[in-house]
């Protein structure tokens, strides 16, 4: 049975199809509740390309797909339900390194990355701050 799409997954699908407004996508991410796996008292993240990516999921089905690949024996993981705005405005800056948000990374053709750039994270933590670039 297919899960109903969230507003965020719909915006992601639009952008992946080359349509839709990038600002509307960022706004939807900020308004969305994301499920973020926890491990050893912290949020699950991965490092790639010099960026620490906090992994968030739009629903329990997307989280379950992630667990199949990353949890020992496919066991469920504990998770926190966090507003996207809280992740990019509070948690990312607290990490002290370039960090962004990776959404639904275990889903086929559904992942979206929100990098540490102006317009997504606070200017003081954006890697492109002072370069005149806006997301």
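GNM remark for the chain: springs join alpha carbons under 10 Å apart, and the peak mean-square fluctuation among 49, 18, 96 falls on 49. Taking other Cβ atoms within 10 Å as a rough exposure proxy, 112, 29 sort from fewest to most as 112, 29.
Shape of the stretch 78-135 from the C-alpha gyration tensor: oblate (a/c of 1.5 or more and a/b not above b/c, with a ≥ b ≥ c the square roots of its eigenvalues).
Here the calculated FRET efficiency for residue 109 and residue 83, from their Cβ-Cβ distance with R0 = 25 Å, stands at 0.50, rounded to the nearest 0.05. What is the calculated FRET efficiency for residue 40 to residue 5, with r their C-beta to C-beta distance and R₀ = 30 Å, to the nearest 0.05? The formula returns an efficiency of 0.40 here. Apply the a/c threshold of 1.5 to the C-alpha gyration tensor of the chain and tell me whether it is rounded, prolate or oblate. Oblate, because a/c is 1.5 or more while a/b does not exceed b/c.
Among 105, 12, a tally of other beta-carbon atoms within 10 Å of each Cβ gives an order, fewest to most, of 105, 12. Roughly how far apart, in whole Å, are the Cα centres of the stretch 32-86 and the stretch 92-108? For the stretch 32-86 versus the stretch 92-108, the Cα centre distance is 9 Å. If both residues of a DSSP beta bridge must be in the chain, then about 70% of such bridges are antiparallel. Using a Gaussian network model of the chain in which every pair of alpha carbons under 10 angstrom is joined by a spring, one finds that among 56, 84, 20 the greatest mean-square fluctuation is at 20. The relative contact order of the chain, computed from alpha carbon pairs under 8 Å that lie at least 6 residues apart in sequence, is 23 percent.
Rule-based calculations on the coordinates, nothing more; no lab input. Remember, it's a predicted structure, so these values are computed and weren't measured experimentally. Methodologically, a virtual Cβ is constructed for each residue, glycine included, from the backbone with ideal geometry; neighbour enumeration extends over all protein chains shown.
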